[in-house]
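Enquirer: Could you have a look at this structure, given as structure tokens, before my questions?
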Amino acid sequence: LANPGNFNNHLGLPVTLLRLDARHQFCIAELGANHPREIAGLAQILKPTAGIITQIAPAHLEGFGSLEAIYKTKLELFESLPRGATAVLPDDDLVLINAARKLNVRPVLVGTSESANYRISEMKAENRQVFFTLNQKWKFSFPSSAVFLARNAAMAVALAESLGIKAGDLPSDWKDLKLPGGRFEDQLIGEGIRVIYDGYIASPFAFKKALEASKYPKMTLTGF
């Protein structure tokens, strides 16, 4: 079971959990926050046994007040995990890595560096399909033009392996993957005009990522 859309707050999370039944083996829930202590409160409801922090960037600063407060709030997820639980995080955020190593969790680093436990290579986007290789042996692809999402996908694989699902047993082409509305919707309109709509609570950081992912920045419009 996974939360639909952006059901990630004090209302959406309980609605998601109420859909659990005897058929489900796993539940994947997003915990959202725009103020301090919100992740801690949601974690008390969810009681997670493993977690992923995909990225920390300046967003919702009107509620958090500072980047430091965002780090503190996001880390509430890892603080809520049982001792020795898997905590998946990016390999290029030393602040997050150092903070996670002080907790009673097992950090798993994902990224492109040699220090990554799950190293991503051969990332590319062609014909609205993202391709990447993980640890030089597993190849995956999914429908999107946002090549930077390869790391999020790799993080999902890393967490799956920690739960006993072998990466080699996963399908290589995630053709059924569909991003939520308003999150990097890529369309062609008119004569070669490409529109990337990334308007769901986007930020300057998200705007930058959208431009980086575009092959034709002079013809790209990005929504906020």
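The values are calculated or read from the model by the stated rules, or taken from the named source; none is laboratory data. Owing to the predicted nature of the structure, the values given are computational and were not obtained by experimental measurement. We place every Cβ from the backbone using ideal geometry, glycine too, and count neighbours over all the protein chains shown. When the accessible area is computed, the model is the full protein with side chains, heavy atoms only, and any ligands, DNA or RNA have been set aside. Shrake-Rupley method; radii C 1.70, N 1.55, O 1.52, S 1.80 Å.
Enquirer: Which residue, of Asn34, Asn98, Asn104, is at pLDDT below 95 and loosely packed, with under 14 Cβ neighbours inside 10 Å?
Expert: From the options Asn34, Asn98, Asn104, the qualifying one is Asn104.
Enquirer: Pairs under 9 Å by beta carbon, first residue at positive phi and assigned to a loop (DSSP other than H, G, I, E, B) in region 163-189, partner open to solvent by 70 Å² or more (accessible area, probe 1.4 Å) and at pLDDT below 95, six or more apart or different chains?
Expert: That search, which allows pairs on different chains as well, returns Gly182/Tyr197; Gly182/Tyr200; Gly182/Ile201; Phe184/Tyr197.
Enquirer: If Tyr71 passes every condition in (1) under 20 Å from Pro204 (Cα atoms); (2) open to solvent by 50 Å² or more (accessible area, probe 1.4 Å) but one, which one does it miss?
Expert: For Tyr71, the exception is condition (2).
Enquirer: Of everything in region 113-130 that's modelled with pLDDT of 95 or more and touching a helix residue (DSSP H, G or I) at 6+ places or on another chain (Cβ under 8 Å), which residue is most open to solvent (accessible area, probe 1.4 Å)?
Expert: Here the residue is Asn117.
Enquirer: Also, I was wondering about something else. Residue by residue through region 37-54, note down the ones that are more than 11 Å from Lys74 (Cβ to Cβ) and either without any contact (Cβ under 8 Å) to a residue 24 or more places away in the chain or assigned to a helix (DSSP H, G or I) (or both).
Expert: Hits for region 37-54 are Gly41, Leu42, Ala43, Gln44, Ile45, Leu46.
Enquirer: So which residues in region 131-141 are open to solvent by less than 40 Å² (accessible area, probe 1.4 Å) and out of contact with any helix residue (DSSP H, G or I) (no Cβ under 8 Å at 6 or more places or on another chain), if there are any at all?
Expert: Thr133, Ser141
Enquirer: Here are Leu81, Leu89: which of them is part of a loop (DSSP other than H, G, I, E, B), open to solvent by less than 60 Å² (accessible area, probe 1.4 Å) and within 17 Å of Ile39 (Cβ to Cβ)?
Expert: The conditions single out Leu81.
Enquirer: Within region 12-31, count every residue that is in a helix (DSSP H, G or I) and either among the aliphatic types (A, V, I, L, M) or surrounded by fewer than 13 Cβ atoms within 10 Å (Cβ to Cβ) (or both).
Expert: Number of matching residues: 3.
Enquirer: Taking region 142-162 on its own, how many of its residues are in contact with a strand residue (DSSP E or B) (Cβ under 7 Å, 6 or more places away or on another chain) and either part of a helix (DSSP H, G or I) or open to solvent by 60 Å² or more (accessible area, probe 1.4 Å) (or both)?
Expert: Within region 142-162, residues that are in contact with a strand residue (DSSP E or B) (Cβ under 7 Å, 6 or more places away or on another chain) and either part of a helix (DSSP H, G or I) or open to solvent by 60 Å² or more (accessible area, probe 1.4 Å) (or both) number 10.
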